[in-house]
Each structure stands twice: as structure tokens, then as C-alpha cells.
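Below is one structure, written out as C-alpha cells; the observations come after it.
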Amino acid sequence: MSKNATYVFLDRDGVINKRLKGYVSSLDEFQFLPKAQKAIKLFHQNRFRVIVVSNQAGVGRGLVKKEELKRVTDSMVREVRASGGDILAVYYCPCRKEDHCSCRKPNPGLLLSAAREFDIDLESSWMIGDELKDMQAGKAVGAKTILVDTPINRVPKKHRQKVDYGAKDLLAAYAIIKKNVQ
Ligand SMILES: [Mg+2]
Ligand SMILES: [Zn+2]
């Protein structure tokens, strides 16, 4: 069944919620971007399955408490569901860059974990993020990629082929996917 579903992986900060200079370390610092909940609702209504994959090195750095991250996650999922959308699962990498783990994007570990858990065909999946490392993680597993918020021309030329589409926000990204997936 799941092989027929299209999965959409979303980065969190800068895609679903407002990106801060530092880490989102408490619930009151988590602020949905204006059209994000509407976009996730449309994904859900159109049978796309949404999974969040997010680097949260603040945890490994001791700047974000695990319990607080859980509070933020529970609240995010609850609010998304209350607005008619759904988030199937949330995967975080809590590691610091210098830990050289396999889950921190640009590595695809979070997507691979999700693929194992939900039997996902990654090549028919999409990765939406606001940074190059999201695009790299998506391309590493053969997914199609959409860069939101950051203009494509800010991506170094040698990495442009990792970006399939640019969109101003998650709602615009939804429109691209809807058009491309029958
Ligand atoms: Mg981001
Ligand atoms: Zn990690």
C-alpha cells in the first residue's frame, strides 16, 4: 500500500516554522510560517504523506532540552492535525556536526530510517527544505527536491543540480508536487 503513496519529507525550521538565528529551544519560540499549515492540510487531503526530517544540533550542544524538543514536536503535530493536516512521523538528528553521524543532513540517515519504517520508495519521494543540505540529503536517496525561501541562485553553481525546483514557501512547493504527481 505504502509503495503507491507519495511521501513528502519536510525540513522543519524555515519550512514549517520561522527559522531563528539560534535554535528553537522552547515552545514559545516555535512559530508556524503563514501558509505552512494550509500546505500540510492540502498534502493530507490529496493523500501525500508528510514526514518531518530535521537537524537539531542544539540538543547535542546542550542548548535545547530533549523534553522541550518533545513539547515542541507534540504541539506542532497537534496543531497541524487540528487544522486538518497530518504529520506521519518526525525524525530528528540531535548530533553536532563534529560528531560525523550518518543522520545529520546533508547525510540521508533520517530519510533512510523513515524508508525502513514505512517501506517508502524514496525515488518517488520529495524533499523540501530551505538549505542546500536538505537538497543534498534528498538527492542522496534519489528524491526530487524543492528549495523554499532561499533563492536558487544562492546555491553554489556546482550544487545547482541538487535542486529540482525553487518555491517561495511550502504552499508553492505543494503546488509543484501536485502538478508533477498524478
Ligand atoms: Mg531549515
Ligand atoms: Zn545525527
Going by what's in this entry, would ARG49 be described as within 16 Å of ligand 2 (Cβ to nearest atom) and at pLDDT 95 or above? no
Looking at this structure, is ALA140 of a type in the set (Gly, Ala, Ser), under 14 Å from GLY14 (Cα atoms), crowded, with 17+ Cβ neighbours inside 10 Å and out of contact with any helix residue (DSSP H, G or I) (no Cβ under 6 Å at 6 or more places or on another chain)? no
Would you check if ILE51 is touching a residue at least 40 places away in the same chain (Cβ under 8 Å), within 16 Å of ligand 1 (Cβ to nearest atom) and in a helix (DSSP H, G or I)? no
Across region 1-31, which residue is modelled with the lowest pLDDT among those that are more than 13 Å from the chain's Cα centre (by Cα), of a type in the set (A, V, I, L, M) and within 19 Å of GLU117 (Cβ to Cβ)? MET1
Condition (residue is within 14 Å of ligand 2 (Cβ to nearest atom), modelled with pLDDT of 95 or more, assigned to a loop (DSSP other than H, G, I, E, B) and touching a Lys or Arg at 6+ places or on another chain (Cβ under 9 Å)) applied to region 58-78: is it met by at least one residue? yes
Among residues of region 59-87, those that are under 17 Å from the mean Cα position of the chain (by Cα) and buried (at least 18 other Cβ atoms within 10 Å of the Cβ), counted: 7
Sort through TYR174, TYR165 and tell me the only one that's of a type in the set (Phe, Trp, Tyr), in contact with a strand residue (DSSP E or B) (Cβ under 9 Å, 6 or more places away or on another chain) and without any contact (Cβ under 8 Å) to a residue 24 or more places away in the chain. TYR165
Give region 94-111 a look and list any residue that's surrounded by fewer than 19 Cβ atoms within 10 Å (Cβ to Cβ), in contact (Cβ under 8 Å) with a residue 24 or more places away in the chain and over 22 Å from LEU20 (Cα atoms), or say none. ASP99
If we keep only residues of region 101-124 that are of a type in the set (A, V, I, L, M, F, W, C) and more than 9 Å from ligand 2 (Cβ to nearest atom), then the residue nearest to ALA143 (Cα to Cα) is LEU122
Of the residues in region 5-58 that are farther than 25 Å from ASP99 by Cα, out of contact with any Phe, Trp or Tyr (no Cβ under 7 Å at 6 or more places or on another chain) and among the basic types (Lys, Arg), the one that is surrounded by the fewest Cβ atoms within 10 Å (Cβ to Cβ) is ARG47
Scope region 94-138; condition under 15 Å from the mean Cα position of the chain (by Cα), in a helix (DSSP H, G or I) and more than 16 Å from ligand 1 (Cβ to nearest atom); matching residues: GLY109, LEU112, SER113, ALA114, ALA115, LEU122
Got at least one residue in region 102-112 being at pLDDT 95 or above, aliphatic (A, V, I, L, M) and under 19 Å from ALA36 (Cβ atoms)? no
I want to confirm something. Restricting to region 139-150 and keeping residues that are within 15 Å of ligand 1 (Cβ to nearest atom) and more than 11 Å from the chain's Cα centre (by Cα), which single residue is farthest from PRO34 (Cα to Cα)? THR150
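The values are calculated or read from the model by the stated rules, or taken from the named source; none is laboratory data. Note that the coordinates shown come from a computational prediction; the quantities given were computed from them, not determined experimentally. Heads up, the Cβs are rebuilt from the backbone with ideal geometry, glycines too, and the neighbour counts pull from every protein chain shown.
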